[in-house]
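Undergrad: There's a structure below that I have some questions on.
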Amino acid sequence: MSLDPATVRRIAKLARIHLDEDELPRLQKELNTILGYVEQLAEVNVEGVIPLSGGTEAAMRMREDVVSDGGYPEKILANAPDRIGNFFAVPKVVE
Amino acid sequence: MKMLDWTIVETLAALDSAKVSALELAEAHIAAVGSLNPHLNAFITITPEIARKQAHAADVARRAGAAPALAGVPLAIKDLFCSENVRTTAGSKILGPFIPPYESTVTGKLLSAGAVVLGKANLDEFAMGSSNITSAYGPATNPWKRDDGVKLVPGGSSGGSASAVAARIAMGATGTDTGGSIRQPASFCGIVGIKPTYGRCSRFGIIAFASSLDQAGPMARSVEDCAILLEIMSGFDPKDSTSADRTVPNFRAACGRNIAGMRVGIPLEYRVSGMAPEIEKLWQAGIEWLKQEGAEIFDVSLPHTKYGLPVYYIVAPAEASSNLARYDGVRFGARVEGEDLIEMYERTRAAGFGAEVKRRIMIGTYVLSEGYYDAYYLKAQKVRSLILRDFREAFANVDVLLTPTTPSAAFAVGEKMDDPVTMYLNDVFTVPASLAGVPAMSVPAGLDARGLPLGLQVIGRHFDEESVFAIAAALERAADFRSLPQLRAGATP
């Protein structure tokens, strides 16, 4: 399968990455090279195989659902590009 | 300066016998970083003032008879580990202004053990690369030179860590390995590096790339030095839900084990076409060395080996696309303003990420998107299961596997860059162990025809790093690798 320019634009939109039109042909070619390479997995018979989703087969550990950390808004906000009081500030969202 | 050549073992002995102070050692390294880093670009950020303070504290503790295990040993920290109050970039522009308010668990353990931090080591952007070329802070350089004298890559993604340790401007370093990012640069720079079992080291505070694969590990100039560092870096951490609640063995003791009777597997599928003849020869030499120490050699088969890379280039980008969604210009990092919120996200990410990171995010986004998830992502996870099964079956009969670390020695900037896949092929021998979560280590074993170091890889069972250390130490003794890079502290270039 080969990605067309419209699909590349759609992926960029989903990934929230702005693309200039002149970047499109190069990116399309590179993505198709990678997808062409991974295509070989089609030949592997995986009938009845349970997918391995994590780095271990061990079940994820559960913990008590309690507050274990926090109470330092200044630390949390210290890296904010923009803030108003104890809030992260973003451009106005108007639907 | 002789002390810059010391191993960590030798350094700790010298510090304990007051032959040298931690402050003297730190000053020598700070000076060496100052003179060599402009050539190597191994560090993105240097922290000489912090190093001096830590060295002084190590000296005070030692005089009081209370020196912790690593007191006074100067290290480089890959700039993927969050360092409290020290800029941490992940090699990306998007984290250029980021100063973490907390310390990663692994570096926290090293600091508690008295380590001296010289600075934050260069890496491929978000650890995505095998060359260190994708760093937004310029590529790190390999201190080794080929016969044609061109600048070589140190490998990646932990390229700055490997370069610094090989050039003797740091005694050891932390690395992280997602598909070979510790082992491949270790091999390219002629040093030792181990990726432990997935879950052995906490991932808390390590900037995430692909969470089911990312593992921290040490890089150093001897197997025993790696054992010392890994023992400190390992251990259960409730802050990482995949951290293994297991006792950390005595890795250093394992380095001295007799390997007679150990069973070593040679995977047939790693004999790929186009492999440099020197690598083939070195692999054979490794087999002979282990035989001489009494190990038994067996042919084994890992039939799904060739699918390792394609699985990796679905799974890792998928996880990356999800992990890197957090860089949106809202809570931390750089922001580029836009007309509205969506445009701010899109412009922030377009300006903040480099080409390779964008490629991987987009591949990941595609393979996780509606209609393609089953064909790509789910399929890859199933083949990943088969790769793990291959290792399980092999390890039913042998204790460790021996393979080359890489299919070639270090290459020059510009080589292997025809397309992304050519670069990806570098990781063909390292990726399968990452997918299976088993420990794997690279040990320098010889030089290629053009004078560049080559490594052998030892792969072990889950949580059996001890066997890996035992075999790696035997290889190290037999290989007696003493060649030095041309660019190093104390050498006249």
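The values are calculated or read from the model by the stated rules, or taken from the named source; none is laboratory data. A quick note: this is a predicted structure, and the numbers were derived from the prediction, not measured. Reconstructed Cβ throughout: ideal geometry from the backbone, glycine too, with neighbour counts over all protein chains shown. Areas reflect the complete protein model, heavy atoms only, side chains present, ligands, DNA and RNA absent. Shrake-Rupley method; radii C 1.70, N 1.55, O 1.52, S 1.80 Å.
Undergrad: Testing the spin-label approximation: label points 7 Å from Cα along Cα→Cβ at A:GLU39 and A:ASN86. State their distance in nm.
TA: So the label points at A:GLU39 and A:ASN86 sit 5.6 nm apart.
Undergrad: Which distance in nm do the two modelled labels at A:GLU57 and B:ARG482 give, with both placed 7 Å along the Cα-to-Cβ direction?
TA: Modelled inter-label distance: 4.7 nm.
Undergrad: Cross-link partners among lysines for B:LYS151, C-alpha distance below 21 Å, same-chain residues fewer than 8 apart left out?
TA: Leaving aside lysines fewer than 8 places away in the same chain, those within reach of B:LYS151 are B:LYS416.
Undergrad: Amide H neighbours of B:GLY446 under 5 Å, counting only residues 5+ apart in sequence or on other chains, H built in-plane at 1.01 Å?
TA: Answer set, sorted by chain and number: B:LEU454.
Undergrad: Report the label-to-label distance for B:ASP374 and B:ALA64 in nanometres (one decimal), using points 7 Å from each Cα along the Cα→Cβ vector.
TA: Output for this residue pair reads 6.5 nm.
Undergrad: Let me ask you something else. Please find the FRET efficiency linking B:ASP419 to B:ALA285, where r is the Cβ-Cβ separation and R0 is fixed at 41 Å, and quote it to the nearest 0.05.
TA: The calculated FRET efficiency here is 0.75.
Undergrad: What relative contact order, as a whole-number percentage, does chain B give when Cα pairs under 8 Å and 6 or more residues apart are counted?
TA: Once divided by the residue count of chain B, the mean separation gives 18 percent.
Undergrad: Please compute the length gained on full extension between B:SER241 and B:GLN292, using 0.36 nm multiplied by the number of residues separating them and subtracting their Cα-Cα distance.
TA: Taking B:SER241 through B:GLN292 to full extension adds about 14.1 nm, to one decimal.
Undergrad: While we're on this one: Listed highest first by mean packing, meaning other Cβ atoms within 10 Å per residue, what order do B:136-144, B:79-87 come in?
TA: B:136-144, B:79-87
Undergrad: Which whole number gives the average count of other chain Cβ atoms within 10 Å of the Cβ atoms across peptide B:357-364?
TA: Other-chain Cβ atoms within 10 Å of each residue's Cβ, averaged: 5.
Undergrad: Let a ≥ b ≥ c be the square roots of the eigenvalues of the Cα gyration tensor of the stretch B:304-379; is it rounded (a/c under 1.5), or, if not, prolate (a/b larger than b/c) or oblate?
TA: Prolate, because a/c is 1.5 or more and a/b exceeds b/c.
Undergrad: Would you mind putting B:11-24, B:156-169, B:313-326 in packing order, based on average other-beta-carbon counts within 10 Å, highest first?
TA: Result, highest mean Cβ count within 10 Å first: B:156-169, B:313-326, B:11-24.
Undergrad: Which aspartates and glutamates have a Cα lying under 18 Å from the Cα of B:LYS145, excluding residues fewer than 8 positions away in the same chain?
TA: Straight-line reach from B:LYS145, under 18 Å: B:GLU278, B:GLU415, B:ASP448.
Undergrad: On to the next question. For chain B, what does the accessible surface come to per residue with a 1.4 Å probe? Please give it in Å².
TA: 32
Undergrad: Mind checking A:80-92 for the average number of partner chain beta-carbons within 10 Å of each residue's beta-carbon?
TA: Rounded to a whole number, the mean comes out at 4.
Undergrad: Something else: Aspartates and glutamates within cross-link reach of B:LYS239: Cα-Cα under 17 Å, excluding same-chain residues under 8 positions apart?
TA: Those aspartates and glutamates meeting the cut-off are A:GLU64, A:ASP65, A:ASP69, B:GLU84, B:GLU103, B:ASP214.
Undergrad: Tell me the angle of helix A:24-38 to the major Cα principal axis of chain A, expressed in degrees between 0 and 90 and rounded to the nearest ten.
TA: Between the helix axis and the principal axis of chain A, the angle is about 70 degrees.
Undergrad: Measure nothing but the geometry: give the 0 to 90° angle between the long axis through the Cα atoms of A:5-14 and the longest principal axis through the Cα atoms of chain A, rounded to 10°.
TA: Taking Cα atoms only, the helix is inclined about 20 degrees.
Undergrad: Name the long-range amide H neighbours of B:GLY175: under 5 Å, sequence gap of 5 or more, or other chain; modelled H, no Pro or chain starts.
TA: Under 5 Å from the amide H of B:GLY175 lie the amide H atoms of B:GLY217, B:MET219, each far enough along the sequence or on another chain.
Undergrad: Probe radius 1.4 Å, ligands and nucleic acids ignored: give me the carbon and sulfur share of the accessible area of the stretch B:171-210 as a rounded percent.
TA: For the stretch B:171-210, the apolar C and S fraction of the accessible surface comes to 54 percent.
Undergrad: Further question on the same structure: Given a Förster distance of 22 Å, report the FRET efficiency between B:ALA253 and B:ALA18 from their Cβ-Cβ distance, rounded to the nearest 0.05.
TA: With R0 = 22 Å, the Cβ-Cβ based efficiency is 0.25.
Undergrad: If the limit is 20 Å between Cα atoms, which of B:LYS78/B:LYS358; B:LYS306/B:LYS382; B:LYS306/B:LYS379; A:LYS75/B:LYS53 go over it?
TA: B:LYS78/B:LYS358; A:LYS75/B:LYS53
Undergrad: Quick check: Cα centre of the stretch A:11-32 to Cα centre of the stretch B:134-188, how many Å?
TA: 30
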